[in-house]
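K.L.:
Below is the structure I would like to discuss, written out as structure tokens.
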Amino acid sequence: MGELDVVSPGDAFFSFEEFTKSREERGAWWCTAYEELLRRPVRSQVVCTPQLEASLAVLGDGIEAFRATRSGGWATLSPYWKWVIGLHHDEMVSKFGNLTAVEPASIPGGMVSVFKGSRMRWEQ
């Protein structure tokens, strides 16, 4: 008997439900993958490089826009802002010269409160 005799066209094929039923128990790799996906990931720390520290120093009181204190610097930033700054620092510095994308003094005071209080959609 050859390989072609193993399955014949008239043989019943199992259903999708039967295929997916208890696969975590049958395949060790399914079980491992499933358990890995259920685990909460470990939080990674973003390392503050000398370039990041220098950019934060240039911000001065502007660091308060990231809900951090000037005296605390990098240590007082939330993990979210550490990741955002860490990921986009080089692009921001090359495009704007520092981490300040908009100078607060260049926006009318009324517009600042509008920006903070609502979500606006800019039409292009």
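The values are calculated or read from the model by the stated rules, or taken from the named source; none is laboratory data. Keep in mind the model is a prediction, meaning the values are calculated, not measured. A quick note on method: Cβ atoms are made from the backbone with ideal geometry, for glycine too, and the neighbour counts reach across all protein chains shown. Ligands, DNA and RNA are excluded from the accessible area calculation, which covers all protein heavy atoms including side chains. Shrake-Rupley method; radii C 1.70, N 1.55, O 1.52, S 1.80 Å.
K.L.:
With each pseudo-label sitting 7 Å past Cα toward Cβ, what's the S44-V84 distance in nm, one decimal?
P.N.:
With each label point 7 Å from Cα toward Cβ, the separation is 2.0 nm.
K.L.:
Tally up the carbon and sulfur contribution to the accessible surface of segment 53-93 as a whole percent, 1.4 Å probe, everything protein left in place.
P.N.:
59
K.L.:
Still on this structure, I have one more. For segment 25-70, what is the accessible area per residue in Å², given a 1.4 Å probe and the full set of protein chains?
P.N.:
Result: 86 Å² of accessible area for each residue.
K.L.:
Taking a ≥ b ≥ c as the square roots of the eigenvalues of the Cα gyration tensor of segment 1-89, is the shape rounded (a/c under 1.5), prolate (a/b larger than b/c) or oblate?
P.N.:
It is prolate, given that a/c is not under 1.5 and a/b is the larger ratio.
K.L.:
Subtracting the Cα-Cα distance from 0.36 nm times the residue separation, let me have the gained length for F19 to V93 in nm, one decimal.
P.N.:
Value of the extension gain: 21.3 nm.
K.L.:
Pairs of Cα atoms under 8 Å, at least six residues apart: use those to get the relative contact order of segment 8-99, whole percent.
P.N.:
20
K.L.:
At a Förster distance of 41 Å, what's the computed FRET efficiency of W30 paired with A75, Cβ-Cβ distance as r, to 0.05?
P.N.:
0.45
K.L.:
Ranking request for peptides 58-70, 27-39: highest mean number of other beta-carbon atoms within 10 Å first, then the rest in descending order.
P.N.:
58-70, 27-39
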